[in-house]
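Structure, as structure tokens:
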Amino acid sequence: VLSSSLHRLVREFVAQNNTSQIKHVIQILSQEFALSQHPHSRKGGLIGLAACSIALGKDSGLYLKELIEPVLTCFNDADSRLRYYACEALYNIVKVARGSVLPHFNVLFDGLSKLAADPDPNVKSGSELLDRLLKDIVTESNQFDLVGFIPLLRERIYSNNQYARQFIISWILVLESVPDINLLDYLPEILDGLFQILGDNSKEIRKMCEVALGEFLKEIKKNPSSVKFAEMANILVIHCQAADDLIQLTAMCWMREFIQLAGRVMLPYSSGILTAVLPCLSYDDRKKNIKEVANVCNQSLMKLVIPEDDEMDEAKQSMTLPAEPTSEESLSKPEAASSGECLPRHCGRSELDMTALNQPLSFPHSSERIQVTLNLDGIVQVLDCHLHDTSIGMMTRIAVLKWLYHLYIKTPRKMFRHTDSLFPILLRTLSDESDEVILKDLEVLAEIASSPAGQTEGHGPSDSGDVRPGPVELHIPARASQLNSSGTKSVECSPSTPTMNSYFYKFMINLLKRFSSERKLLETRGAFIIRQLCLLLNAENIFHSMADILLREEDLKFASTMVHTLNTILLTSSELFQLRNQLKDLKTPESRNLFCCLYRSWCHNPVTTVSLCFLTQNYKHAYDLIQKFGDLEVTVDFLTEVDKLVQLIECPIFTYLRLQLLDVKNNPYLIKALYGLLMLLPQSSAFQLLSHRLQCVPNPELMQTADSTKPSTGYKRTTTPNIDYTELLQHFEKVQNKHLEARHQRAGRAEQLDRRVVL
């Protein structure tokens with residue numbers, strides 16, 4: 001009865017256009033009833049406000065503020081029945097007003113978001129009816145104020161209540177489906193919240209959020225020119241590191257699309273992207289999908305780095321992008337943010353700083369330009385941190401080394417600014433358990449040692465204690481020094497080039513130091529490392545420099561071991577076939593220079609010195625050396641090395657030497673040297689082997705032919721011109737005397753130690 005009377009009264013006021021009386025009625029219903037302390041009065045007030053709205057009809061839009069506010073206040077009532085009546089009243093008000101309620105949408109949405117989590121099922125049911133009605137109104141209207149709504153949506157999206165989250169996602173899906181509403185423009189405002197909702201415990205909510213994110217991604221692919229990639233880059237970086245597999249996989253898929261669609265726009269965020277992507281490359285099959293997507297991200301990002309990034313200063317680097325009046329400003333803040341914020345958690349901060357991402361950045365077009373900077377310092381810092389982290393997997397370490405190699409190829413000038421800081425960890429990585437990691441590490445070190453950029457001023461070795469006094473001058477074969485017309489190395493021939501820079505000698509010194517301090521590394525990987533370096537760099541330079549360094553080595557025992565290792569590699573490795581041929585004849589000044597350099601260091605090991613003479617066909621000098629062996633201390637190790645040399649003589653590498661035994665007349669010192677080795681050996685298998693070989697040497701008289709009266713055309717060389725063999729022999733004696741003194745000193749120290757133990 002009250003409702004009917006109120007309806008009739010309001011209709012009369014409307015007919016009379018008596019707005020003051022209408023407002024007075026609404027005020028009474030609000031203040032004295034809807035906001036009363038008594039529940040029954042509040043219920044009556046809500047019913048009255050709804051009836052008043054129905055009576056006002058199309059004119060209700062003039063009084064919506066007065067009608068809605070008291071009803072919304074009742075949404076917070078402690079009585080669930082009153083909250084239900086408030087839903088019912090507001091439903092009637094909105095149903096009558098329709099599009100007129102849109103200016104009040106934010107307060108309605110705020111109220112509904114609270115009721116969505118209401119514990120009473122009747123209240124939730126009523127709020128759902130009101131929610132559907134409001135969605136219908138928004139869908140059919142073109143007056144929706146999206147700009148005014150976004151701040152509220154951004155606030156509410158971080159709710160932890162499942163029902164509130166479901167309510168939020170449902171509205172995002174509705175707004176995304178409306179053609180006249182471009183929610184994509186405001187995606188950076190809500191993307192972080194969406195990814196947080198994606199981690200909800202409810203499968204239904206996760207599925208809804210997946211659908212919403214999928215719709216956004218489809219829209220991004222359709223309209224990349226309107227996407228603010230830069231503003232969302234760091235958001236994705238953070239969620240690509242999420243512990244939740246679904247969040248991580250979804251974020252990684254988004255990152256893949258962003259890199260492929262936005263291209264070099266993503267370069268300022270490379271350090272953060274690598275922080276997120278690199279660890280994923282070592283995932284096992286349980287996270288195979290994430291690993292595969294992360295690999296695509298890594299490869300795509302690597303392709304964005306181009307040689308032009310090295311050719312100009314950062315301030316001048318540019319790419320083709322649409323330029324707006326504030327375009328340079330729009331990039332400056334993301335670039336600054338990326339330089340220090342997306343590093344590994346143990347290296348720097350990992351939280352999102354949205355204040356640095358408040359400027360839009362558009363997609364590339366073809367006519368205008370905007371600055372995009374490669375944040376090389378940040379990238380190198382991330383790569384360095386990952387190399388230092390011993391817990392990372394093998395595939396991640398390989399990826400890091402591939403990145404370093406790629407950067408040294410594409411941006412060598414800028415990368416050499418970081419070489420001094422990277423050099424120690426690259427050397428330590430040679431001790432890695434994985435052969436693949438060591439191979440990639442050697443590629444990087446070889447590129448550092450051979451790149452012409454390493455010769456520029458200010459990029460020399462920093463630790464002067466590691467290098468010799470004075471300039472480092474290594475022999476470079478003229479026939480192999482092929483440079484392009486500009487005098488620099490081309491990318492295509494990198495890193496296999498004889499061009500060596502100031503880091504080459506530093507590398508050789510530190511490599512030998514590592515072998516000296518880690519004997520296990522020398523034993524297990526030494527030959528492998530040196531052979532690979534001979535493929536990546538110039539083998540002659542490697543042996544020349546190592547021999548030169550070992551000549552000054554104070555640890556004589558290590559020098560002997562290292563020389564033995566180098567000699568074995570020289571005589572047996574297929575990678576050194578060309579170098580062996582060069583040494584075999586000693587026809588050029590370069591080969592004779594190399595022989596003399598090797599010889600002086602090879603003197604640390606008597607047997608290897610003889611084998612070097614056999615390789616270079618210096619048979620007379622080999623015989624002279626063996627004559628000196630009588631003055632040396634013959635140990636078990638010494639005899640073992642002689643045994644190994646005999647085995648080598650029977651190998652294909654010395655086929656030419658065995659064939660020269662047929663020409664007894666021209667090779668007497670070869671036969672004498674072999675008999676000398678035979679006399680050194682005890683009655684062993686090696687003795688029998690060499691004895692049988694020498695028994696096959698033919699009688700010179702039986703080898704005479706009808707042409708024997710003619711001058712011999714067979715090989716005959718007792719000495720090589722321009723080599724002072726007397727001085728070499730004296731050097732051999734001097735080195736062996738040092739070794740003898742060192743052995744006596746070691747024996748003396750051992751004896752003193754034994755005495756102390758006895759006492």
Q) If you take the residues in the range 546-574 that are polar (S, T, N, Q) and closer than 18 Å to GLU641 by Cβ, which one is most open to solvent (accessible area, probe 1.4 Å)? A) THR572
Q: Could you check how many residues of the range 186-209 are open to solvent by less than 30 Å² (accessible area, probe 1.4 Å), out of contact with any Asp or Glu (no Cβ under 6 Å at 6 or more places or on another chain) and in a helix (DSSP H, G or I)?
A: 10
**Q.** PHE577 more than 25 Å from PHE687 (Cα to Cα), of a type outside the set (S, T, N, Q), surrounded by fewer than 17 Cβ atoms within 10 Å (Cβ to Cβ) and under 45 Å from the mean Cα position of the chain (by Cα)
**A.** yes
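Okay, residues lined up against (1) aromatic (Phe, Trp, Tyr); (2) open to solvent by 40 Å² or more (accessible area, probe 1.4 Å); (3) modelled with pLDDT under 95:
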{"residue": "ILE235", "(1), (2), (3)": "no, no, no"}
{"residue": "ALA242", "(1), (2), (3)": "no, no, no"}
{"residue": "TRP254", "(1), (2), (3)": "yes, no, no"}
{"residue": "ILE259", "(1), (2), (3)": "no, no, no"}
{"residue": "GLY263", "(1), (2), (3)": "no, no, yes"}
{"residue": "PRO268", "(1), (2), (3)": "no, no, yes"}
Q.
Go through the range 430-456 and report how many residues are within 18 Å of the chain's Cα centre (by Cα), open to solvent by 10 Å² or more (accessible area, probe 1.4 Å) and without any contact (Cβ under 8 Å) to a residue 60 or more places away in the chain.
A. 4
Q) Pick from ALA233, ALA242: which is in a loop (DSSP other than H, G, I, E, B) and more than 17 Å from the chain's Cα centre (by Cα)? A) ALA242
Q: Pull up the range 95-126, narrow it to residues that are of a type in the set (Gly, Ala, Ser) and closer than 17 Å to CYS74 by Cα, then point me to the one that is most open to solvent (accessible area, probe 1.4 Å).
A: SER125
Q: Kindly state which helices (runs of 4 or more DSSP H) lie completely within the range 412-452 and contain at least 3 residues that are of a type in the set (A, V, I, L, M).
A: 419-428, 435-450
**Q.** Residue that is nearest to the chain's Cα centre (by Cα) [pool: residues in the range 127-164 that are surrounded by fewer than 18 Cβ atoms within 10 Å (Cβ to Cβ) and of a type in the set (S, T, N, Q)]
**A.** ASN160
Q) What are the residues in the range 706-739 that are of a type outside the set (Val, Ile, Thr) and modelled with pLDDT under 85, if any? A) ALA706, ASP707, SER708, LYS710, PRO711, SER712, GLY714, TYR715, LYS716, ARG717, PRO721, ASN722
**Q.** Cross-chain or 6+ apart pairs with Cβ under 8 Å, the range 95-109 first and basic (Lys, Arg), then assigned to a helix (DSSP H, G or I)
**A.** LYS95/LEU133; ARG98/ILE137
Q. Is it true that LEU612 is assigned by the TED database to the domain that holds LEU674 and in contact (Cβ under 8 Å) with a residue 40 or more places away in the chain?
A. yes
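Inside the range 556-656, counting only helices (runs of 4 or more DSSP H) that do not spill past its ends, which hold 3 or more residues that are farther than 27 Å from ASN541 by Cβ?
Here the list reads 619-628, 636-649.
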(Q) Suppose the filter is more than 30 Å from PRO119 (Cα to Cα), in contact (Cβ under 8 Å) with a residue 40 or more places away in the chain and either open to solvent by less than 40 Å² (accessible area, probe 1.4 Å) or assigned to a helix (DSSP H, G or I) (or both); does PHE167 pass it? (A) no
Q: Scan the range 146-164 for residues that are in contact (Cβ under 8 Å) with a residue 40 or more places away in the chain and not in a helix (DSSP H, G or I) and jot them down.
A: ILE157, SER159, ASN161
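The values are calculated or read from the model by the stated rules, or taken from the named source; none is laboratory data. Because the structure is a prediction, the values reported are computed rather than measured. All Cβ positions, even for glycine, are placed from backbone atoms using ideal geometry, and neighbour counts span all protein chains on display. These area figures cover heavy atoms from the full protein model, side chains too; ligands, DNA and RNA do not enter into them. Shrake-Rupley method; radii C 1.70, N 1.55, O 1.52, S 1.80 Å.
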